[in-house]
Amino acid sequence: MAAVLIIVFITCAKQIQVNEGVREKENSDRLEWIQAHVQCEGLSWKFLHSGKLFKAKSSKELYGFLFNDFLLLTQVTKPLGWSGSDKPIFLNEVLVKLPTDPSGDEPLFHISHIDRVYTLRAESINERTAWVQKIKAASELFIETEKKKREKAYLVRSQRATGIGRLMVNIVEGIELKPCRSHGKSNPYCEVTMGSQCHITKTLQDTLNPKWNSNCQFFIKDLEQDVLCVTVFERDQFSPDDFLGRTEIRLAEIKKDQGSKGPITKRLLLHEVPTGEIVVRLDLQLFEEP
């Protein structure tokens, strides 16, 4: 009897592993499809939840993808595929709520977005609860994040009013970045900062030599103290982004190298990693000599 139970247990464990592998493959395929078909420039995607949903009136089957910035509802096609998707529903513009009588048999819920209401049916009451809770939490976090961005933008504008100049920056490319351990490539992006000012480049897929060609500008408060920092990260959908190195350059050094020649191009070594460089083009412009 014990031997039979052990065999049953092993069989169940193997089946669970197979099911987990299938789910991971399906999630990977779905995310690849989204990246290829959805253009949301400037957003930092974090995958939160997905699953089948149905339109309440027509019972048309949909597949929902919830990210930290938006919700996407796609139509399912056969065999594997999604098409005819609506535009992303940004979470700072939605209100999700249960029906008037949430104790009914059908697991319905409503999503209000600007002048449209989506009435959807989940596969179960538990799944409806998951959707509602996760959308509410993501929406609240997104709104708070947007608020902080506006505050930072206001701070930048106020800095301009009292600044002594500006630094025009072009993040040209990365060279031989550290590869991701899982697949030998990387999905790199740069976070460029000077004090409280920040710019984030777009993420490029599957490359160790990304060509961002990303422009930004920073307002200068103190020519002797201000430092431009560039940090490179690997974008990861399912876990915290990996660190791919950082570098910095003082504005006083830029001014010395630039002189009266105009914009300069520098190749900066990334620190705290075994490999990687960043090429930047810099143009320091003073409003008046300090």
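When the test is whether a residue is under 22 Å from the mean Cα position of the chain (by Cα) and outside any loop (DSSP other than H, G, I, E, B), residue 135 passes it. Just one of the listed residues (146, 151) is touching a residue at least 12 places away in the same chain (Cβ under 8 Å) and loosely packed, with under 15 Cβ neighbours inside 10 Å, and it is 146.
When 224, 253 are checked against the criterion of being assigned to a loop (DSSP other than H, G, I, E, B) and among the acidic types (Asp, Glu), a single residue qualifies: 224. In the set (1) touching a residue at least 12 places away in the same chain (Cβ under 8 Å); (2) under 29 Å from residue 253 (Cα atoms), the condition left unmet by residue 141 is number (2). Could you please let me know if residue 275 is surrounded by 12 or more Cβ atoms within 10 Å (Cβ to Cβ), closer than 21 Å to residue 207 by Cβ and among the polar types (S, T, N, Q)? Answer is yes for this residue. Among the residues of region 114-126, is any among the polar types (S, T, N, Q), at pLDDT below 90 and not in a helix (DSSP H, G or I)? Within region 114-126 (the criterion being among the polar types (S, T, N, Q), at pLDDT below 90 and not in a helix (DSSP H, G or I)), the answer is no, since none of the residues qualifies. Every condition in (1) under 19 Å from residue 246 (Cβ atoms); (2) out of contact with any His (no Cβ under 9 Å at 6 or more places or on another chain) holds for residue 169 except the one numbered (2). Screening residue 180 with (1) at pLDDT 95 or above; (2) in contact with a Ser or Thr (Cβ under 6 Å, 6 or more places away or on another chain) gives one miss only, at (1).
Listed here are the residues, each with its yes/no results for (1) more than 15 Å from residue 63 (Cα to Cα); (2) surrounded by 16 or more Cβ atoms within 10 Å (Cβ to Cβ); (3) not acidic (Asp, Glu).
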| residue | (1), (2), (3) |
| --- | --- |
| 89 | no, yes, yes |
| 100 | yes, no, yes |
| 105 | yes, no, no |
| 117 | yes, no, yes |
| 121 | no, yes, yes |
| 127 | no, yes, no |
| 138 | yes, yes, yes |
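Looking at region 165-188, is at least one residue in a helix (DSSP H, G or I) and touching a residue at least 60 places away in the same chain (Cβ under 8 Å)? For region 165-188, residues in a helix (DSSP H, G or I) and touching a residue at least 60 places away in the same chain (Cβ under 8 Å): absent. For the residues 217, 205, the requirement of being more than 17 Å from residue 277 (Cα to Cα), surrounded by fewer than 21 Cβ atoms within 10 Å (Cβ to Cβ) and touching a Lys or Arg at 6+ places or on another chain (Cβ under 6 Å) singles out 217.
Name every residue in region 256-290 that is part of a loop (DSSP other than H, G, I, E, B) and of a type in the set (D, E, K, R), in order of residue number. Listed by number, the residues that qualify are 261, 272, 288, 289. Among residues of region 222-234 being buried (at least 17 other Cβ atoms within 10 Å of the Cβ) and of a type outside the set (Phe, Trp, Tyr), the one that is farthest from the chain's Cα centre (by Cα) is 223. Residue pairs whose Cβ atoms lie under 7 Å apart, sitting 6 or more positions apart in sequence or on different chains, and linking a residue in region 218-237 that is under 18 Å from residue 176 (Cβ atoms) to a partner that is surrounded by 14 or more Cβ atoms within 10 Å (Cβ to Cβ) and of a type in the set (Gly, Ala, Ser), are 232/174; 232/245; 232/276; 234/186.
The values are calculated or read from the model by the stated rules, or taken from the named source; none is laboratory data. Note that the structure is a prediction, hence the values are computed from the model and not measured. When we count neighbours, we look across all protein chains shown, and the Cβ atoms used for this are built from the backbone with ideal geometry, even at glycine.
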